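Shown next, in structure tokens, is the structure this report addresses.
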Amino acid sequence: QVQLVESGGGLVQPGGSLRLSCAASGSIFNIYHMGWYRQSPGKQRELVAVTLGTDGGSTNYTDSVKGRFTISRDNAKNTVYLQMNSLKPEDTAVYYCNTAGFDEFLRPVEVWGQGTLVTVSS
């Protein structure tokens, strides 16, 4: 069974920074998608940033975080990071990690993390 363990959320003042981490454990290989989504109260879950490809060499960001957030991936550790700078109150949300790959029988696997709360407030 594959698990995602997220960490790094919390309370930060506007303009501050946080770094989220998400580590995948268990039987998952050839990860081709690993990234972060977020959901605010009353809103749909949206993509924040994602690494694509088995090497994580391609990235994609939602427009509202471009230039402020940076996603990176450590393939040896099956871990993805989200460095969030210049945080704004509208970044307040529960952030969810998501990954997709294959198990040892080459069956597709997709897993969501439990979510970590990021609150940007003075």
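The values are calculated or read from the model by the stated rules, or taken from the named source; none is laboratory data. Please read these numbers as outputs of a predicted model, since none were measured by experiment. Here the Cβ positions follow ideal geometry from the backbone for every residue, glycine too, while neighbour counts run over all protein chains shown. Just so you know, the surface numbers come from the protein's heavy atoms only, side chains and all, with ligands and any DNA or RNA stripped out. Shrake-Rupley method; radii C 1.70, N 1.55, O 1.52, S 1.80 Å.
In this entry, Val120 passes the filter for residues that are open to solvent by less than 60 Å² (accessible area, probe 1.4 Å) and in contact with a Pro (Cβ under 8 Å, 6 or more places away or on another chain). The combined condition, being touching a residue at least 24 places away in the same chain (Cβ under 8 Å) and either outside any strand (DSSP E or B) or over 16 Å from Ala100 (Cβ atoms) (or both), is not fulfilled by Val80. Within region 11-22, the residues that satisfy the criterion of being open to solvent by less than 30 Å² (accessible area, probe 1.4 Å) and either more than 15 Å from the chain's Cα centre (by Cα) or free of Cβ contacts under 8 Å to residues at least 24 places away in the same chain (or both) are Val12, Gly16. For region 58-74, the set of residues classified as within 15 Å of the chain's Cα centre (by Cα) and either touching a residue at least 40 places away in the same chain (Cβ under 8 Å) or assigned to a loop (DSSP other than H, G, I, E, B) (or both) consists of Thr62, Lys66, Arg68, listed by residue number. Criterion first (farther than 14 Å from Met84 by Cα, exposed (fewer than 15 other Cβ atoms within 10 Å of the Cβ) and among the small types (Gly, Ala, Ser)) does Gly53 satisfy it? Yes.
Per-residue answers, yes or no, for (1) buried (at least 21 other Cβ atoms within 10 Å of the Cβ); (2) among the acidic types (Asp, Glu); (3) assigned to a loop (DSSP other than H, G, I, E, B):
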{"residue": "Ala24", "(1), (2), (3)": "yes, no, no"}
{"residue": "His33", "(1), (2), (3)": "no, no, no"}
{"residue": "Arg38", "(1), (2), (3)": "yes, no, no"}
{"residue": "Gly42", "(1), (2), (3)": "no, no, yes"}
{"residue": "Val48", "(1), (2), (3)": "yes, no, no"}
{"residue": "Ser86", "(1), (2), (3)": "no, no, yes"}
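Filter region 88-112 down to the residues that are open to solvent by less than 30 Å² (accessible area, probe 1.4 Å) and farther than 11 Å from Met34 by Cα, then identify the one that is farthest from the chain's Cα centre (by Cα). By that ranking, first place goes to Asp103.
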